[in-house]
Amino acid sequence: MELSFSKFNHITHLPGQRDLFRECFPETIGKAIETDGHYYWKFHSFPSGVKSFEYAAWDGEEMLGYYAAIPYRYRCGESQHTAGMVCDVMTGINARGKGVFTKLGFYSTDALKNEGIDFVTGYPIRPEVIPGHLKVNWKITFTMPVYIRFLRTNTVMKKYGMAFLTPLGNLGANFYNFLTANEKNDKKYDFKVFDKEEFFALEGYDRFFDRWQLTVENPLQKNREFMKWRLGAPETEYQIITATKNSELVGLAITRESVMENIPVLAILDMMVLPGHEKCIPGINLMFRQIAKSKNLEAIVTMMGRIWAKKYRMFNMGFIASPFVFSLIIKKLNPAIPDELLFDEKRWHLMWIDSDDL
């Protein structure tokens, strides 16, 4: 094997990259995520001068691996930094166990450092990929469970061969939801649901985000341009829930329909609530349930750190921590950034929107 590395040229090598993607992620076959359109949105439409960074490993003309990062912006402390949000890292089946993943990781992160990227982030959920990242000097910062609230148990019961117990399981889910629906909705707040076109036609988001980001130490710069890009995935519908008080936006959540472990779910990508307005959270949660029921979904799920799960009172809202756990991994590329700015869980407000998932 004559291993070589280079920047990825999508103009000439996109078909090979798509074939490698389907080989490594066969669960995406037939879905929008495997299409050229999704690729071009993700890696060639980001609202910045440089849309993305892409690298490949080769054995002659054969593509063995691919590594990409999107330049997300964070304010860490008092400084603005560009993070490479690493995604779509893949190694062909026949090239695994031969050091390709590790060598491509070193090559790519060195190249990202030379491009001026301050640090790279990743959100692996599969334990088997963690050792490969650690070999390339990534660090596990903290873990983030997937929290779930079951509305029905049809798919779960069928999966474990207990379909005959579905009525009993649904009765239990209904009873549990009744017990946990114990926080009153504050009538001072108004709640609405918008699609993305309706939401971006409204005023108020910019002021809301400027206020919200001052309450978080390492906020992702979710300005209007970023949000339009992030919610622009082809063939995907998002719902934006707003909470207002006296016509002022004080809380916001973003959801979309998805399928996880074959369960049709409503996934919460992001949730932001201004301090002092936590009483709007029960109303937002009620909107989650209404959307999920209108779409005949069986559960509501989200991913976040334990600190924010506590602040958002997820347990009071009927969510439980599932066995599925993401990790925030970081590799610092700019040595001038103090470690305490990057490796302290209390500084981060992370949900699926910070990743490329959903």
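So here's what we get for this one:
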read-out: Assigned charges on the beta-carbon of Lys, Arg, Asp, Glu; segment 14-64 dipole about Cα centre (debye); value: 360
read-out: Part-to-part distance (alpha-carbon centres) for segment 92-158 and segment 66-90, which is given in Å; value: 14
read-out: Angle between the chain longest axis and helix 10-24 axis [Cα atoms, degrees, rounded to 10]; value: 60
read-out: Rg(Cα) / (2.2 N^0.38 Å) computed for the chain, rounded to two decimals; value: 1.03
read-out: Rg/Rg_ref, segment 90-170, where Rg_ref = 2.2 N^0.38 Å and atoms are Cα; value: 1.71
read-out: About the Cα centre, charge dipole magnitude for the chain (Lys/Arg +1, Asp/Glu -1 at Cβ), debye; value: 1180
read-out: Cross-link table 7/103; 222/293; 42/135; 279/346; 222/331; 135/228, entries beyond 25 Å C-alpha to C-alpha; value: 222/293; 42/135; 135/228
read-out: Ratio Rg/Rh, restricted to segment 3-117 and using Cα atoms, in which Rh is the Kirkwood radius; value: 0.98
read-out: Extension reserve of the residue 310-residue 207 stretch, reckoned as 0.36 nm per residue once the Cα distance is removed; value: 34.5 nm
read-out: Simple spin-label estimate for residue 294 and residue 32 in nanometres, 7 Å along Cα-Cβ; value: 1.8
read-out: Vicinal HN-Hα couplings computed from phi for segment 150-158 (Karplus, 6.51 cos²θ - 1.76 cosθ + 1.60; Hz; Gly/Pro x); value: 7, 9, 9, 10, 3, 5, 4, 5, 5
read-out: Loop-exposed chymotrypsin sites (Phe, Trp or Tyr not before Pro) per DSSP, neighbour cap 15 Cβ within 10 angstrom, longest uninterrupted part of the chain; value: 1-159
read-out: Principal axis box of segment 18-79, alpha-carbon based, largest edge first, Å; value: 43, 30, 20
read-out: Relative contact order of segment 3-117, defined on C-alpha pairs under 8 angstrom at six or more residues apart (%); value: 25
read-out: Most positive-pole-ward Cα, 9, 33, 204, against dipole of the chain from beta carbon charges; value: 204
read-out: Angle between the chain longest axis and helix 166-180 axis [Cα atoms, degrees, rounded to 10]; value: 70
read-out: Over segment 146-326 - Rg/Rh using Cα atoms and the Kirkwood inverse-distance radius; value: 0.97
read-out: Fraction of antiparallel bridges per DSSP, the chain only, in percent to nearest 5; value: 90
read-out: Two-decimal Rg to Rh for segment 288-358 - Kirkwood Rh, Cα set; value: 1.06
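Values quoted throughout were computed directly from the atomic coordinates according to the rules given, and no laboratory measurement underlies them. In this text, all values refer to a predicted model and were calculated from it rather than measured experimentally. Methodologically, a virtual Cβ is constructed for each residue, glycine included, from the backbone with ideal geometry; neighbour enumeration extends over all protein chains shown.
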